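Structure record follows, encoded as structure tokens.
The values are calculated or read from the model by the stated rules, or taken from the named source; none is laboratory data. In this text, all values refer to a predicted model and were calculated from it rather than measured experimentally. Every residue, glycine among them, receives a Cβ derived from its backbone with ideal geometry; neighbour counts consider all protein chains shown. These accessible areas exclude ligands, DNA and RNA; they are computed on the full protein's heavy atoms, side chains included. Shrake-Rupley method; radii C 1.70, N 1.55, O 1.52, S 1.80 Å.
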Amino acid sequence: MMSRSLFRREVSLRSREALHGYGFILIWVVGFALFTFLPLVETFRYSVNQVTVTATSINLDFVEWANYTRALFTDPNFVELLVGYTIETLVSVPIVLIFAMLIAMFLNLKFRFKGLFRTIFFLPIVITSGPVIKELTAQGAASAPGIANIPAVIEFLEQLPRALRSPVEYLLTSFILILWFSGVQILIYLASLQKVDRSVYEAAAIDGASGWEIFWKVTLPSLSTATVVNAIYTIITLSHFSENKVIQYIYARTYDVHGGIGYASALAFIYFGVMVVLLGLVYFFLMNWARRGSR
Amino acid sequence: MNQILRHPTVERLRGFLFGSRARHGAIFNFVLYALLIAIGFVYLHPLLFMFVTSIKSPNDLLNPMVQWVPTEFYPGNYVKAFRVLNYMNTLLASALISVIPSLLQTFVASLVGYGLARYRFWGKPIVLLLLLATFIIPPQNTVIPQMLTYRDMGLLGNPLALILPALMGQGFRSAIFVLIFYQNFLSLPKVLEESARLDGASDVRIFFTVAVPAALPAYIVSFIFSVVWYWNETFLTVIFLEGGTTTLPMQLSKFVQAYENLYPPGVVNVFDRLNEAVKMSGTFLNILPLLVMYFVLQRWFVESVERTGVTGE
């Protein structure tokens, strides 16, 4: 008797807790349904239709996968843009990660004028917006000062095989931009560097480990989670950036008379797919690396 | 030889150059500062370039001898850019468009983060997964149906088009803020909340009187980042607000067109034609409010990010 009423009370307490919890997240669940899930489904429906928008209504004409096949096999630009995006992302991610890690380790040291340098390195977080970047790139202020104009560099580029040329060229012309995308990543690295227990470093130093060994055996493994988070964050920011060429292409197609919204929706889904594959690849590569490092 | 090496002066010199366990040596410091200054210069180069170009007079622009030091301070570019950007109006619009959704988004994100961190309920992993999905899904996969719905409701061009999603936790990068609060509440001790519960306080009351004050740094960081990201966002604002409200970045992206409306190229004299100095003035005016905010609040950018533990672990 006694134990049964206790049991019932336990259950009702639990369900009460769950109810309160749902109360807190309810607004998000409704918002997710209205502003993310339904529009996503609707966009997919557009992507398998020929969509015509008039002043009063939206007409759908089912075309199966025609929009997708057109994007992948007949569109002269889209696949090329996608390949460019993939290369640029794969070039940028390691640079951002290494650079952010380096700066975070610098800022974790004790030295004079640290505040000044910290202010400089976090500045891009505040000012990186599409139109600003566009103006700066148009004025040639986005490349490392003068490098892209040195005759030797231009000649060097011409000697390179075609496959290598575009990544290297991208690297030279947008070097500062790539670095400008590492603000938040520096913050994340810095936060996790400061969590590492000082005594671990001291113990390693007492055991006679050199700075080099401490970096590879202590610092780097402790940054593995932050590295995965940073890699994902970098890929997503680069992919969502409004000056991204693929996004601009998709946006421009939306207003096309022929195809229009249906075709742009199909492009958006293909782009989303490529992005997820990239995320997956980088995630598994880094997870694998982190696991091997911790062993 | 050994004796020379052990001599106090040599030891001191060695300590100075290579450092000891307590202090970095001079060589280390030299390399460190050299690297930091070099990287700092590369970082600031676009900004310096922007500022220097923006104060060049038309004569300086044409003069190949003038690179980094203009012969005079020429404020005329700023006067023009100020007019072309319709600065007071667009500044106010940008401030509203970034502050109001940010306030709502921060508050809702804290509610959701608190619910996820403090209550046990069925389906929590699914919610967390969907949360990550909202961060990954590109805006162009959801934006067109939203735009068409807004058009039917007559909300296109109205700031409500950005406020509504923020209110429902679906604002710009909301997922990050929910995760920040989730992390933050997980790391805060439960003791105070439990004692308030024993005193008979309701869940909502506990949230407002105990949890919110304890998470204040997370609120400030989230709000600042949210304002910055809303301010700089152009993809969504262009789609939702075009034809209605115009924000600063939106006006900047139409700069050439707006300039030629005010100063028709065939009518004005050569010195009043659009040049890069005016463009750079416009760009600088665009980031100026954020720069001011950054220098006033920069302590919060760094220190409280470290304190709130935004590492996503």
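What does the charge add up to near B:Glu242, with Lys and Arg as +1, Asp and Glu as -1, over the other residues with Cβ less than 15 Å from its Cβ?
+1
Give the shape of region B:176-264 as rounded, prolate or oblate, defined through the alpha-carbon gyration tensor: a ≥ b ≥ c are the square roots of its eigenvalues, a/c under 1.5 means rounded, and otherwise the shape is prolate if a/b is larger than b/c and oblate if not.
It comes out prolate by the Cα gyration axes.
Would you kindly derive the ³J(HN,Hα) couplings of region B:111-128 from the backbone phi angles with the Karplus curve 6.51 cos²θ - 1.76 cosθ + 1.60 (θ = phi - 60°), listing them in order in whole Hz, with x for Gly and Pro?
4, 5, x, 5, x, 6, 7, 9, 10, 9, 8, 5, x, 4, x, 5, 4, 4
Take the alpha carbon gyration tensor of chain A, find the square roots of its eigenvalues, order them as a ≥ b ≥ c, and report rounded if a/c is under 1.5; if not, report prolate when a/b exceeds b/c, else oblate.
Oblate, since a/c reaches 1.5 and b/c is not below a/b.
Enter the mean projected area of the convex hull around the alpha-carbon atoms of region A:228-295, in nm², rounded to one decimal.
4.7
Looking at chain B, identify the longest residue range that excludes and avoids all chymotrypsin sites (Phe, Trp or Tyr not before Pro) in DSSP loops having at most 13 other Cβ atoms within 10 Å. Could you put the intermediate results ahead of the total?
Values: sites that count: B:Trp68, B:Phe73, B:Trp122.
Here the longest run is B:123-313.
Within region A:20-107, list the GluC sites (Glu not before Pro) lying in a DSSP loop whose Cβ has at most 16 other Cβ atoms in a 10 Å radius. Display every interim value, and only then the final one.
Details: sites: A:Glu42, A:Glu64, A:Glu80, A:Glu88; in loops: A:Glu64.
Answer by residue number: A:Glu64.
Can you give the local net charge around A:Ala204? Use residues other than it whose beta-carbon is closer than 9 angstrom to its beta-carbon, Lys and Arg +1, Asp and Glu -1.
The answer is -2.
At 222 nm, what helix-only mean residue ellipticity would chain B give, in deg cm²/dmol to the nearest 500, using -39500 (n - 2.57) for each DSSP H run of four or more?
-21500 deg cm²/dmol
Of the GluC sites (Glu not before Pro) in region B:180-262, which ones lie in a loop per DSSP and count no more than 15 other C-beta atoms within 10 Å?
Those satisfying the criteria are B:Glu242.
Between region A:83-101 and region B:41-92, how far is it from one alpha carbon centroid to the other, in angstrom?
32
Am I reading the A/B interface right? What is its buried accessible area, both sides, 1.4 Å probe, to the nearest 100 Å²?
Numbers: alone 19740 and 19350 Å², together 30790 Å².
Chains A and B together bury roughly 8300 Å² of accessible area.
What percent do you get for the relative contact order of chain A when only Cα pairs under 8 Å and 6+ apart count?
Numbers: 228 pairs, mean separation 78.0, N = 295.
Answer for chain A is 26 percent.
What net charge do the residues around B:Ser281 carry, taking every other residue with its C-beta under 12 Å from that of B:Ser281, with Lys and Arg at +1 and Asp and Glu at -1?
Summing Lys/Arg as +1 and Asp/Glu as -1 gives +2.
Hand me the trypsin sites (Lys or Arg not before Pro) from region A:39-146 located in a DSSP loop with no more than 12 other Cβ atoms within 10 Å, in residue order please.
Those satisfying the criteria are A:Lys110, A:Arg112.
Scan chain B and report its longest stretch carrying no trypsin sites (Lys or Arg not before Pro) that are both in a DSSP loop and have at most 14 other Cβ atoms within 10 Å. Working shown, then result.
Working: sites that count: B:Arg21, B:Arg23, B:Arg120, B:Lys190, B:Arg273.
No qualifying site falls inside B:24-119, the longest such stretch.
Could you name the aspartates and glutamates in cross-link range of B:Lys80, using Cα to Cα under 15 Å and dropping any fewer than eight places away on the same chain?
B:Glu260, B:Asp272, B:Glu276
What ratio of Cα Rg to 2.2 N^0.38 Å holds for region B:144-211?
On the way: Rg = 18.3 Å, N = 68, 2.2 N^0.38 = 10.9 Å.
Normalised by 2.2 N^0.38 Å, the Cα Rg of region B:144-211 equals 1.67.
Taking the Cα atoms of region B:80-308, report the difference between the largest and smallest coordinate on each principal axis, in whole Å and largest first.
Projected onto its principal axes, the Cα set of region B:80-308 covers 78, 42, 27 Å.
Could you give the length gained by full extension between A:Ser15 and A:Lys110, i.e. 0.36 nm per residue of separation minus their alpha carbon distance, to one decimal place?
Value of the extension gain: 29.0 nm.
So what is Rg over Rh here for the protein assembly as shown, counting just Cα atoms and using Kirkwood for Rh?
On the way: Rg = 27.3 Å, Rh = 27.2 Å.
Answer for the protein assembly as shown: 1.00.
Apply 1/(1 + (r/R0)^6) to the Cβ-Cβ distance of A:Ala138 and B:Thr71, taking R0 = 25 Å, and write down the FRET efficiency to the nearest 0.05.
Calculated transfer efficiency: 0.50.
Filter the cross-link list A:Lys195/B:Lys190; B:Lys124/B:Lys190; A:Lys110/A:Lys245; A:Lys114/B:Lys190; A:Lys114/A:Lys217; A:Lys245/B:Lys254 down to pairs whose alpha-carbon distance in this structure exceeds 30 Å.
From A:Lys195/B:Lys190; B:Lys124/B:Lys190; A:Lys110/A:Lys245; A:Lys114/B:Lys190; A:Lys114/A:Lys217; A:Lys245/B:Lys254, over 30 Å: A:Lys110/A:Lys245; A:Lys114/B:Lys190.
In a Debye calculation with equal point scatterers on the alpha-carbon sites of region A:1-104 and no solvent, what is log10 I(q)/I(0) at q = 0.17, 0.20 Å⁻¹?
Per q value, in the given order, log10 I(q)/I(0) is -0.99, -1.06.
Any idea what the alpha-carbon Rg over 2.2 N^0.38 Å comes to for region A:165-273?
Taking N as the residue count of region A:165-273, the ratio is 1.62.
Give a residue-ordered list of calculated ³J(HN,Hα) values for region B:94-100 (Karplus: 6.51 cos²θ - 1.76 cosθ + 1.60, θ = phi - 60°; whole Hz; x for Gly, Pro).
Per-residue couplings from phi come out as 4, 4, 5, 5, 9, 6, 5 Hz.
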